[in-house]
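The values are calculated or read from the model by the stated rules, or taken from the named source; none is laboratory data. Given the structure is predicted, the values throughout are model-derived calculations rather than measurements. Cβ placement follows ideal geometry from the backbone for every residue including glycine, while neighbour counts extend to all protein chains displayed. Protein only, heavy atoms only, side chains kept; ligands, DNA and RNA dropped before computing areas. Shrake-Rupley method; radii C 1.70, N 1.55, O 1.52, S 1.80 Å.
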Amino acid sequence: MTDSTKPLYSLAGKRVWISGHGGMVGSALMRRLQSEDCKILKATSKELDLRRQAEVEAWMEAEKPETVFLAAATVGGIMANDTRPAEFIYDNLAIEANVIHGAWRSGVEKLLFLSAACVYPREAPQPTPEDCLLTGPLEPTNEMSAIAKIAGIKLCQAYRRQYGCDFISCQPLNMYGPGDNFDPEDSHVVGALLMKAHAAKTEGRPAMTVWGSGKPVREFLYVDDAADALVFQMRHYSDDRALNIGPGAVISIRELAEAVARVVGFEGELVFDAAKPDGMPSKTLDAARFAALGWKATTSLEDGLATFEIFAHCAHVLAPHVVG
Ligand code: GDP
């Protein structure tokens, strides 16, 4: 989208660190920032283990980032969250604490922390406004991720309050698109369903499995739109409230599976596996505050799925055996 209103913060000439540049959002940020007049800094996880405080502080002292997109995180879908809770809480707490503290120590001008929609209570009103944070119990299948993400938001607020740092946070929606994971156990629903539909079609199977009841509702944002929103927020927002990013496309898992089947050309039956968890009954965000700043998404769910399908097709051709 065109970003015509006068920004509060300029990226021009800045040393911009995209932490997590190899992940789905990080790669989209890399694409988005190509057209900006800034110097992009990045480090692979081999070069810099973000869970090690001394390494992070030394790297930041040496590289002197002025602007930080804190997109690095241990991420995964509902099963990964449920079965690897220690990694989800430890890795994410350590990464956030090290990068945010390091940013204060090394004098970073502005930092944007990516939280997630799972921070809101399981039974929060839908769409959920920002002030529902910490008003009720969390969804058990992603509680560890949520606790870590809430801690990230609180770190930004604490460093803003005590030290005056311009550190901000946001909750992006469920994102999908190039760079996503297609692993059958670890992936999020869109990548998983695309791969399953490909496998079922190629192997001429009469049915494909969809986890849970199909009733949960999710709101999806194409990852390149999300990256544009993050750059927009970096420029136009400076406040301690963690902002909901959106609006995106609201759809039930059943409708999503039907849309995926159409895009892939799979004409068999959808079988719902009640033994798998549904997770949050509904996860949709009230993004009125963000929309009021003047941003909106440009990619419809149909267009996003069609683009993402090309990547799923390639992944399936290269590694058909990974589909369970
Ligand atoms: P969530 O938004 O944190 O719950 O994460 P996911 O993207 O992993 O799951 C979203 C919803 O899609 C849940 O209700 C899942 O049960 C459902 N779902 C249906 N089929 C699949 C699948 O093959 N993989 C995943 N990850 N979720 C699926």
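In table form, for the structure just shown:
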{"quantity": "Bridge type composition, the chain - antiparallel percent by DSSP, nearest 5", "calculated": "10 percent"}
{"quantity": "Which of Cys314, Ala257, Leu41, positive extreme of dipole for the chain (C-beta unit charges)", "calculated": "Leu41"}
{"quantity": "0 to 90° range, to nearest 10: angle between helix 24-33 axis and the chain longest Cα axis", "calculated": "60 degrees"}
{"quantity": "Separation of alpha-carbon centers, the stretch 49-88 and the stretch 7-37, rounded to whole Å", "calculated": "17 Å"}
{"quantity": "Euclidean distance between Cα centres, the stretch 119-133 to the stretch 179-234, Å", "calculated": "23 Å"}
{"quantity": "Positive minus negative residues near Asn98 (Lys, Arg vs Asp, Glu; Cβ under 10 Å)", "calculated": "-2"}
{"quantity": "Top of Tyr237, Tyr163, Tyr120 by mean-square fluctuation, Gaussian network on the chain, Cα under 10 Å", "calculated": "Tyr163"}
{"quantity": "Anchor Lys42: lysines whose Cα lies under 26 Å away (excluding residues fewer than 8 positions away in-chain)", "calculated": "Lys14, Lys64, Lys110, Lys149, Lys154"}
{"quantity": "Student exercise, the stretch 165-324 dipole from Lys, Arg, Asp, Glu Cβ charges, in Debye to nearest 20", "calculated": "220 debye"}
{"quantity": "Eligible lysines near Lys196 by straight Cα distance, threshold 22 Å, same-chain separation 8 or greater", "calculated": "Lys215, Lys276"}
{"quantity": "Long-range HN-HN contacts of Thr128 with modeled amide H, under 5 Å", "calculated": "Thr284, Leu285, Asp286"}
{"quantity": "Ellipticity estimate at 222 nm from DSSP helix runs (n ≥ 4, -39,500 (n - 2.57)) divided over the chain, nearest 500", "calculated": "-13000 deg cm²/dmol"}
{"quantity": "For the chain, the fraction of alpha-carbon pairs in successive 10 Å shells from zero, as %", "calculated": "6, 27, 35, 23, 8, 1, 0"}
{"quantity": "Residue (of Pro184, Gly279, Ala72) at the positive-pole extreme of the chain, dipole from beta-carbon charges", "calculated": "Ala72"}
{"quantity": "Net charge over other residues, Cβ less than 11 angstrom from the Cβ of Phe88 (K, R count +1; D, E count -1)", "calculated": "-2"}
{"quantity": "Accessible solvent surface per residue of the chain, calculated while the other protein chains remain in place, 1.4 angstrom probe, Å²", "calculated": "43 Å²"}
{"quantity": "Pair-distance profile P(r), taking every C-alpha pair of the stretch 1-159, with 5 angstrom steps and integer %", "calculated": "1, 9, 17, 20, 19, 16, 11, 7, 1, 0"}
{"quantity": "Assigned charges on the beta-carbon of Lys, Arg, Asp, Glu; the stretch 1-107 dipole about Cα centre (debye)", "calculated": "260 debye"}
{"quantity": "The chain: relative contact order in percent, alpha carbon pairs under 8 Å with at least 6 residues between", "calculated": "21 percent"}
{"quantity": "Solvent-accessible area, 1.4 Å probe, carbon plus sulfur percent, for the chain", "calculated": "54 percent"}
{"quantity": "Volume per residue that the Cα convex hull of the stretch 63-151 spans, once the total is divided by residue count, Å³", "calculated": "102 Å³"}
{"quantity": "Solvent exposure ordering (accessible area, 1.4 Å, most first) of Cys38, Cys170", "calculated": "Cys38, Cys170"}
{"quantity": "Choice from Ser238, Ser45, Ser35 showing the highest fluctuation, given a GNM over the chain with Cα pairs closer than 10 Å", "calculated": "Ser35"}
{"quantity": "Trypsin sites (Lys or Arg not before Pro) within the stretch 226-324, DSSP loop, no more than 15 other Cβ atoms inside 10 Å", "calculated": "Arg241, Lys296"}
{"quantity": "Longest DSSP-loop-exposure-free segment, GluC sites (Glu not before Pro), the chain, at most 16 other Cβ within 10 Å", "calculated": "204-266"}
{"quantity": "Cβ charges +1 (Lys, Arg) and -1 (Asp, Glu), total dipole of the chain, debye", "calculated": "560 debye"}
{"quantity": "Per-residue HN-Hα couplings for the stretch 138-150 [Karplus 6.51, -1.76, 1.60; θ = phi - 60°; Hz; x = Gly/Pro]", "calculated": "8, 5, x, 5, 10, 4, 5, 4, 5, 4, 5, 5, 5"}
{"quantity": "Trypsin sites (Lys or Arg not before Pro) lying in DSSP loop within the stretch 40-75, provided at most 14 other Cβ fall within 10 Å", "calculated": "Lys46, Arg52"}
